[in-house]
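Contents: one structure, followed by commentary.
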Amino acid sequence: MNKSVAASFLLIVTTGLTGCATNPNVLQMHKVTAEALGLASTDEMTMGPVKKGTPDFLGGTELTFEATTAKGHKFNCSTYMTPGILLEPPKYSRLTCTK
C-alpha cells in the first residue's frame with residue numbers, strides 16, 4: 001500500500017470516528033451545570049439554546065449557553081465538548097459560568 005492510499009484511509013477512519021458523537025447531550029449539560037451552580041436539582045434551573053462553536057482538528061467544540069435559576073439569576077456558561085468515539089457519549093470539561 002503506498003503512502004497516499006494509507007494517508008487517505010487514515011483520514012477517512014479518523015473523520016468517521018470523531019463524527020460518531022458530536023451532538024451535545026443537553027440533559028447531561030443541564031445536570032452538570034446545576035451541580036456547578038450549587039443547585040439541589042435540575043428543576044431549579046433552565047437553559048437557553050446551546051450554541052456550538054467551530055470544531056477544532058480533533059472534533060472538540062466550545063459550547064455556550066445561558067442558565068437561569070428559579071430565583072432569576074442569569075449566568076453565561078461555556079464548556080468544551082470532546083466527541084465520544086464509537087458508542088461513547090461526548091465528554092464535557094472546563095465548565096465556567098459567570099454572571
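Which lysines does residue 31 reach when only Cα atoms under 26 Å apart count, and residues fewer than 8 places away in its own chain are ignored?
Hits, sequence-local ones excluded: 51, 52, 71, 74, 91, 99.
Treat each spin label as a single point 7 Å out from the Cα along the C-beta direction, and report the residue 66 to residue 28 distance in nm.
2.6
7 Å from Cα along Cα→Cβ at both residue 56 and residue 41: what's the point-to-point distance in nm?
Distance between the two pseudo-spin positions: 3.7 nm.
At a 10 Å Cβ-Cβ cut-off, how would you order 97, 77, fewest neighbours first?
The order, fewest Cβ neighbours first, is 97, 77.
For segment 81-86, in order, what is each residue's ³J(HN,Hα) by Karplus, 6.51 cos²θ - 1.76 cosθ + 1.60 with θ = phi - 60°, in whole Hz (x at glycine and Pro)?
Ordered by residue, 3J(HN,Hα) equals 9, 9, x, x, 9, 6 Hz.
Laboratory data are not the source of any read-out in this text; all were calculated from the coordinates shown. None of these values were measured; they are calculated from a predicted model. All Cβ positions, glycine included, derive from the backbone under ideal geometry; neighbour counts span all protein chains shown.
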